[in-house]
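Notes follow the structure.
The values are calculated or read from the model by the stated rules, or taken from the named source; none is laboratory data. Computed from a prediction, not measured in an experiment: that's the story for all the values here. Glycine also receives a Cβ, built like all others from the backbone with ideal geometry; neighbour counts cover every protein chain displayed. Heavy atoms of the whole protein, side chains included, go into the accessibility calculation; ligands, DNA and RNA do not. Shrake-Rupley method; radii C 1.70, N 1.55, O 1.52, S 1.80 Å.
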Amino acid sequence: MYTQESKERSRKELWGHAVSTLTTQRAGSRILNKEYMETLWKYSWNEVLKDLVDINTGQKVIDDYFQYWNDFSNSCYKDKKASDLKVAYFCGPEPENDLIELLSLGVRIENIWAFEIDKKTYKTALDKARKSFPLLKIFPGSLADFVKTNHLSFDIIYLDFTGSLITKSMSTFSSLHGVFDEQALSDLGVLIVNTCEPDATPEVSDFLASYYNFQPMVECSAYGEDGEITNGEERVWFSEPASAHGYNVEDLKDIAENNIHKVYSAFSTSYPLYYSSIISPTLRFLRNKSLSKQLFSTNISDQKEVFARISDASSFFDFIEGSKIDEGGISGDRIFNPDGFPFWNFIDTLKTRDNKLCNYWFNEYSKPKEGASILDAARFRESLDQTLYGYDGLLSEKIKSEIKRVNAAIPDRNGGLFCDIPMPHLWLELALNQLGAPYHANLKNHRRWTYKAKVRQMHLEAYTFDRCRSLYDFLPMVDMYGDVLENLLPQIMVRCCIDAIHKQVRWPLANLYFGSNMACVNDGIKGAEFAELRQRKVL
């Protein structure tokens, strides 16, 4: 059933890539890898800040500080052999197919968990395992349910779906979301997601059009276009939001209906990236009151007032008509800067679309769970930087005070030293991520395949995720940001780290640590280029 040649080839490639990423290639798979971090550190002090290197901050002190951080970083990522890796996979009726490949790579069967939710398929898988692999653990249920109570973390998780991500069912999204929400993946891990290309029905096309109508940077295939040819190879490129091309949601719907292969290909890569780095850590924050009050105001009416103003365009029209703007201040950024709020606007649009699939997903996204919904997470996270630039009322007084202290200690807060001016929102974002614990993608190590199964076209992704704990655990709590980051050594170290994270996902996640570049992409600094997606390999 699952042994056709294309499936066998994909199985061999994806498992080989995943195991080598976490073993022989482990050091280079980190986002905060020593090679780039040391290069950026030396550039910062030897070129940009050389006039600030004095008797108190001499070269030895600078070199020793980097080594101090690097030693800590190494302690966050222990070396692993294939036999150390813990693996979870959807087994279907033939658990032996993936299992044999894993065992041939050196993974121990004791570290492998298989999952099957369908009762009939589970019985078939169990019968086969009992004959040949009695040590294989097969769980009769979903991975998402398992990790809620077991709290195991896996180095590799393989979600092998028989359907697409876009169905009128929670079966796919709930498993995908569960990996991140329940923190089921290790601090440095590989997530493999295999999904089926959906039919280009009006409902599916409408859903995809609603998603891409607000994305700030869009993989060209979502517009039905081919990549650019550079040095004889097709290069994946990203383009401006739909509005910059003159597209509205109906135009995007037509593109999806006529070129579902490319549009779904872009979506199957994009959606998990956004959820893992942006939505899931914010959800974790909002569902824990102890975390939430570190950053956000506890005044619910103030929160609602901020979200209402962001969605209200009246101040703009008052300005146009020459009326006096009321004391509420500016408003309407979500309307006039729609791609600055991509997920919030996407979810809101779904309720206005005249189809059951979009309406179903609006209800799911807006349904509170443990005190917060995905829509709530989108509102808070995408409004984060606005709270410092005219929409006061969302943040706690404590975090506002600490951000002011940090900003006052930045030598280039008015520009003139590094590539980007470090705006205050970076420290706010850092505080949320420190406690929200996102999964950041190493796009340089991302792999994509496509192959034809018996009937359907499949889209296969292999993400390398790094939680970058050597940044977030290196920091004190928010209360002491000002005490520590006023010192240039830890401040520059932290800025080097967020530069590295941003450069990995500049194109698909433009709003993650936006404006954090220390070295410009054209400065000739090795590793300072923005990571680019590889083409999807046809098997």
Does segment 74-85 contain any residue that is modelled with pLDDT under 95, assigned to a loop (DSSP other than H, G, I, E, B) and open to solvent by 20 Å² or more (accessible area, probe 1.4 Å)?
yes
Only one of Arg405, Arg334, Arg379 is within 26 Å of Leu208 (Cα to Cα), part of a helix (DSSP H, G or I) and at pLDDT below 95, namely Arg334
Got a number for residues in segment 206-240 being part of a loop (DSSP other than H, G, I, E, B), at pLDDT 95 or above and closer than 25 Å to Asn355 by Cβ?
3
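Could you check how many residues of segment 211-226 are open to solvent by 20 Å² or more (accessible area, probe 1.4 Å) and either charged (D, E, K, R) or in contact (Cβ under 8 Å) with a residue 60 or more places away in the chain (or both)? So that I can check it myself, show each step before the final result.
Looking only at segment 211-226, we keep the residues that are open to solvent by 20 Å² or more (accessible area, probe 1.4 Å), and these are 213-214, 216-217, 224-226.
Still in the running and either charged (D, E, K, R) or in contact (Cβ under 8 Å) with a residue 60 or more places away in the chain (or both): 213-214, 216-217, 225-226.
Number of matching residues: 6.
Could you say which residue among Phe133, Phe154 is touching a Lys or Arg at 6+ places or on another chain (Cβ under 8 Å) and not aliphatic (A, V, I, L, M)?
Working: Phe133 fails: touching a Lys or Arg at 6+ places or on another chain (Cβ under 8 Å).
On inspection, the qualifying residue turns out to be Phe154.
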Please state which one of Ala144, Ala125 is open to solvent by less than 30 Å² (accessible area, probe 1.4 Å) and modelled with pLDDT of 95 or more.
Ala125
Only one of these conditions is not met by Gly92: (1) in contact (Cβ under 8 Å) with a residue 60 or more places away in the chain; (2) closer than 24 Å to Ser20 by Cβ; (3) of a type outside the set (Asp, Glu). Which number is it?
(2)
Hand me the list of strands (runs of 3 or more DSSP E) wholly inside segment 127-205 holding 2 or more residues that are closer than 24 Å to Ile374 by Cα.
154-160, 185-196
Tally the residues that are part of a helix (DSSP H, G or I) and in contact (Cβ under 8 Å) with a residue 40 or more places away in the chain, restricting the search to segment 491-526.
13
Every residue from segment 517-533 that is within 17 Å of the chain's Cα centre (by Cα) and under 14 Å from Asp420 (Cβ atoms)
Phe530
For segment 348-367, state whether one or more residues are free of Cβ contacts under 8 Å to residues at least 24 places away in the same chain, basic (Lys, Arg), outside any helix (DSSP H, G or I) and out of contact with any helix residue (DSSP H, G or I) (no Cβ under 7 Å at 6 or more places or on another chain).
yes
Within segment 511-539, which residues are buried (at least 18 other Cβ atoms within 10 Å of the Cβ) and touching a Pro at 6+ places or on another chain (Cβ under 8 Å)?
Asn511, Ser516, Leu533
Out of Phe115, Phe161, I need the residue that is among the aromatic types (Phe, Trp, Tyr), surrounded by fewer than 19 Cβ atoms within 10 Å (Cβ to Cβ) and touching a strand residue (DSSP E or B) at 6+ places or on another chain (Cβ under 8 Å). Which one?
Phe161
One residue is enough: does segment 422-441 have a residue meeting the conditions assigned to a helix (DSSP H, G or I), charged (D, E, K, R) and crowded, with 18+ Cβ neighbours inside 10 Å?
yes
Quick test for you: out of Glu47, Glu35, Glu94, pick the one residue that is out of contact with any Ser or Thr (no Cβ under 7 Å at 6 or more places or on another chain), in a helix (DSSP H, G or I) and under 29 Å from Val193 (Cβ atoms).
Glu35
Considering only residues of segment 97-112 that are touching a strand residue (DSSP E or B) at 6+ places or on another chain (Cβ under 8 Å) and part of a helix (DSSP H, G or I), which is farthest from Ser10 (Cα to Cα)?
Asn111
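If a residue has to be more than 20 Å from Ser280 (Cα to Cα) and open to solvent by less than 60 Å² (accessible area, probe 1.4 Å) to count, how many in segment 388-400 make the cut?
First pass over segment 388-400, keeping only residues more than 20 Å from Ser280 (Cα to Cα): 388-393, 396-400.
When the remaining residues are screened for being open to solvent by less than 60 Å² (accessible area, probe 1.4 Å), the result is 388, 390-391, 393, 396, 399-400.
Selection size over segment 388-400: 7.
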For segment 128-141, give me each residue that is within 15 Å of Pro93 (Cβ to Cβ), surrounded by fewer than 16 Cβ atoms within 10 Å (Cβ to Cβ) and basic (Lys, Arg).
Arg130, Lys131
List every residue pair whose Cβ atoms lie under 7 Å apart, where the two residues are 6 or more positions apart in sequence or sit on different chains, the first residue falls within segment 251-277 and is among the small types (Gly, Ala, Ser), and the second residue, located anywhere, is open to solvent by 10 Å² or more (accessible area, probe 1.4 Å) and assigned to a helix (DSSP H, G or I).
Ser265/Ser221; Ala266/Ser221
Residue that is open to solvent by less than 10 Å² (accessible area, probe 1.4 Å), more than 30 Å from Phe66 (Cβ to Cβ) and part of a strand (DSSP E or B), where the choices are Tyr463, Tyr451:
Tyr451
I want to confirm something. Restricting to segment 147-174 and keeping residues that are of a type in the set (S, T, N, Q) and over 23 Å from Glu364 (Cβ atoms), which single residue is modelled with the highest pLDDT?
Ser153
